[in-house]
């Protein structure tokens with residue numbers, strides 16, 4: 001089925017600066033190769049600060065696939081993976097990456113020339129157990145050293161702000177093994193001073209995002225999902241670098257000014273929405289579609305997915321990185337997800353919630369029914385379930401999705 005896809009119309013000036021940052025990020029990985037630096041393909045939840053401290057150049061296949069989706073060039077890459085024998089039911093992030101790996105010359109040009117070929121592969125495994133298979137496939141294809149470690153799932157009787165010490169010790173031990181792995185292959189020792197500095201800047205960027213998110217409680221809301229999901233690029237791939245903190249300093253200033261002026265995305269805001277799951281990157285304009293009903297997404301699970309709330313202490317860098325690696329949205333129990341969502345619904349005065357059934361991410365989608373039922377039962381908040389894959393636009397039915405939104409918004413009104 002063909003898909004009509006739309007790019008987002010954003011409200012903030014700062015988010016117009018994202019594409020040059022994206023382009024430069026990938027161009028710099030190619031430049032690093034010319035300088036004989038080692039490039040590492042890593043998972044988006046991995047401890048980026050350790051990479052910066054060890055002069056390792058990281059790029060992230062998951063984020064790259066999201067970028068290809070946002071540039072609306074992911075469909076042919078996914079098709080190449082399927083032609084190589086991989087099921088269309090597998091993760092579209094994987095299929096996009098694999099299609100790029102095996103047929104890059106026959107694909108549209110990605111931002112910055114795409115990902116420079118890896119010298120190392122590193123992955124912290126959370127609840128998504130597709131990724132270890134994915135990394136092993138990349139290992140076989142590129143024949144490069146690979147290090148995979150585990151970030152355990154937080155059980156129902158534990159909370160991410162109070163993780164038992166033996167969980168942290170388990171991850172810290174593996175991180176130190178990872179450091180030894182990197183030292184072996186780079187010939188460089190960990191610079192603990194650089195690590196502490198990277199943790200400082202990573203925490204600073206995270207704290208700034210928390211402040212920005214708090215300002216979204218204002219009425220009218222100063223920024224919606226169409227800006228927020230785009231603005232995550234620096235924190236996801238550049239956390240630990242000063243450039244990310246500088247970006248969010250500027251973003252916070254712009255959002256504060258909008259709140260002070262009483263300036264919102266919608267001058268006649270009526271409905272405040274919560275949206276769950278990874279964005280459909282190829283049609284981020286879908287967020288703007290709600291605006292015709294004077295409705296806006298004021299909070300999303302994805303934009304808090306990597307736990308910016310978890311403060312990091314530069315004087316305890318390994319423990320801090322272990323905490324942030326474990327404590328993301330995918331790793332917490334349904335019980336804690338429910339508690340978090342109910343608090344968010346109250347704090348942000350949510351009127352309705354949208355849950356995306358994401359064909360690619362069963363782990364993320366698995367809690368949809370539980371959370372939707374919880375919102376309706378506890379707070380009487382209406383919910384809508386939509387189908388939209390994160391990267392592959394070929395099964396997306398734009399007209400059907402919008403018809404369902406129309407009916408939901410009429411009911412909400």
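The values are calculated or read from the model by the stated rules, or taken from the named source; none is laboratory data. Predicted, not measured: the structure shown is a model, and the values here were computed from it. Glycine gets a Cβ as well: all are built from the backbone with ideal geometry, and neighbour counts include every protein chain shown.
The figures follow:
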| quantity | calculated |
| --- | --- |
| Selection within segment 182-208 - over 26 Å from the mean Cα position of the chain (by Cα) and either surrounded by 19 or more Cβ atoms within 10 Å (Cβ to Cβ) or closer than 20 Å to residue 120 by Cα (or both) | 183, 184, 185, 186, 187, 188, 189, 190, 191 |
| Filtered residues of segment 264-287 (kept if in contact with a helix residue (DSSP H, G or I) (Cβ under 8 Å, 6 or more places away or on another chain) and assigned to a loop (DSSP other than H, G, I, E, B)) | 264, 265, 266, 270, 277, 278, 279, 280, 284 |
| Candidate set: segment 370-382, residues that are touching a residue at least 24 places away in the same chain (Cβ under 8 Å) and part of a loop (DSSP other than H, G, I, E, B); chosen: the one surrounded by the most Cβ atoms within 10 Å (Cβ to Cβ) | 381 |
| Complete set of residues in segment 37-54 that are assigned to a loop (DSSP other than H, G, I, E, B), within 16 Å of the chain's Cα centre (by Cα) and more than 19 Å from residue 133 (Cα to Cα) | 47 |
| Flag for residue 125 being under 23 Å from the mean Cα position of the chain (by Cα) and at pLDDT below 95 | yes |
| Odd one out for residue 2 among (1) at pLDDT 90 or above; (2) closer than 16 Å to residue 280 by Cα; (3) in a loop (DSSP other than H, G, I, E, B) | (1) |
| Helices (runs of 4 or more DSSP H) fully within segment 55-150 counting 3 or more residues that are within 26 Å of residue 329 (Cβ to Cβ) | 61-70, 92-103, 131-142 |
| Unique residue being in contact with a strand residue (DSSP E or B) (Cβ under 6 Å, 6 or more places away or on another chain) and surrounded by 21 or more Cβ atoms within 10 Å (Cβ to Cβ) when the list is 325, 391 | 325 |
| Residue selected from segment 288-304 under the condition touching a strand residue (DSSP E or B) at 6+ places or on another chain (Cβ under 6 Å) and either modelled with pLDDT of 95 or more or part of a helix (DSSP H, G or I) (or both), by the criterion nearest to residue 324 (Cα to Cα) | 300 |
| So residue 374, is it out of contact with any strand residue (DSSP E or B) (no Cβ under 9 Å at 6 or more places or on another chain) and modelled with pLDDT of 95 or more | yes |
| Residue match in segment 383-394 (condition: outside any loop (DSSP other than H, G, I, E, B) and touching a residue at least 60 places away in the same chain (Cβ under 8 Å)) | yes |
| Positions within segment 103-128 being touching a helix residue (DSSP H, G or I) at 6+ places or on another chain (Cβ under 9 Å), surrounded by fewer than 16 Cβ atoms within 10 Å (Cβ to Cβ) and free of Cβ contacts under 8 Å to residues at least 40 places away in the same chain, in sequence order | 106, 108 |
| Test for residue 210: is it touching a residue at least 60 places away in the same chain (Cβ under 8 Å), over 24 Å from residue 149 (Cα atoms) and out of contact with any strand residue (DSSP E or B) (no Cβ under 7 Å at 6 or more places or on another chain) | yes |
| Residue 244 closer than 28 Å to residue 315 by Cα, free of Cβ contacts under 8 Å to residues at least 60 places away in the same chain, buried (at least 22 other Cβ atoms within 10 Å of the Cβ) and in contact with a helix residue (DSSP H, G or I) (Cβ under 9 Å, 6 or more places away or on another chain) | yes |
| Candidates 315, 257, filtered to the one that is surrounded by fewer than 18 Cβ atoms within 10 Å (Cβ to Cβ), over 20 Å from the mean Cα position of the chain (by Cα), assigned to a helix (DSSP H, G or I) and at pLDDT 95 or above | 257 |
| Tally, over segment 394-413, of residues that are surrounded by 11 or more Cβ atoms within 10 Å (Cβ to Cβ) and closer than 19 Å to residue 72 by Cα | 6 |
| Set 236, 212: member being in contact with a helix residue (DSSP H, G or I) (Cβ under 9 Å, 6 or more places away or on another chain), assigned to a helix (DSSP H, G or I) and surrounded by fewer than 19 Cβ atoms within 10 Å (Cβ to Cβ) | 236 |
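Conditions tested, residue by residue: (1) at pLDDT below 95; (2) within 22 Å of residue 395 (Cβ to Cβ); (3) in contact with a strand residue (DSSP E or B) (Cβ under 7 Å, 6 or more places away or on another chain).
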site: 40; (1), (2), (3): no, no, yes
site: 59; (1), (2), (3): no, no, yes
site: 98; (1), (2), (3): no, yes, no
site: 106; (1), (2), (3): yes, no, no
site: 129; (1), (2), (3): yes, no, no
